[in-house]
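Novice: Just dropping this structure here.
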Amino acid sequence: MNKKDMIESIAEAADISKATAEKALNGVLMAVTETLSKGEKVTLVGFGTFSVVNRAARKAKNPQTGALMDIPAKKVAKFKPGSKLADVVSAS
């Protein structure tokens, strides 16, 4: 499912226009993005939790040359599915 499909699904489920559904989806995505950029969690009960974790610096091997290279530490977004979502996915 891409963003266009998601907008159509929201519009149909909420019985609203596609333009309104797009504004709503963009608002949710913006709120999640802003919250994660502050290093805070976003929890949607039953669906899951978005969070930011620190990935440690590490060494890796370049697959083309075999040379060792340093990969710097960085922050990454993480998603942990909630129990309801996990149950639905595992049942399918």
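Every read-out reported here was derived from the displayed coordinates using simple, explicitly stated rules and does not represent laboratory data. Remember, predicted model here, so these are calculated numbers, not experimental data. Cβ sites come from the backbone with ideal geometry, for glycine too, and all protein chains shown count toward neighbours.
Novice: Sort out for me the strands (runs of 3 or more DSSP E) sitting completely within the chain that have 1 or more residues that are small (Gly, Ala, Ser).
Specialist: Details: elements: 42-44, 48-55, 58-61, 68-71, 74-81.
Counting at least 1 such residues, we get 48-55, 58-61, 74-81.
Novice: So, one more: Tell me whether region 55-69 contains one or more residues that are more than 22 Å from the chain's Cα centre (by Cα), loosely packed, with under 12 Cβ neighbours inside 10 Å and under 29 Å from LYS4 (Cβ atoms).
Specialist: Looking through region 55-69, none of the residues is more than 22 Å from the chain's Cα centre (by Cα), loosely packed, with under 12 Cβ neighbours inside 10 Å and under 29 Å from LYS4 (Cβ atoms).
Novice: Given the structure, is ALA31 surrounded by fewer than 11 Cβ atoms within 10 Å (Cβ to Cβ), free of Cβ contacts under 8 Å to residues at least 12 places away in the same chain and either among the small types (Gly, Ala, Ser) or farther than 20 Å from LYS84 by Cα (or both)?
Specialist: For ALA31, the condition - surrounded by fewer than 11 Cβ atoms within 10 Å (Cβ to Cβ), free of Cβ contacts under 8 Å to residues at least 12 places away in the same chain and either among the small types (Gly, Ala, Ser) or farther than 20 Å from LYS84 by Cα (or both) - is not met.
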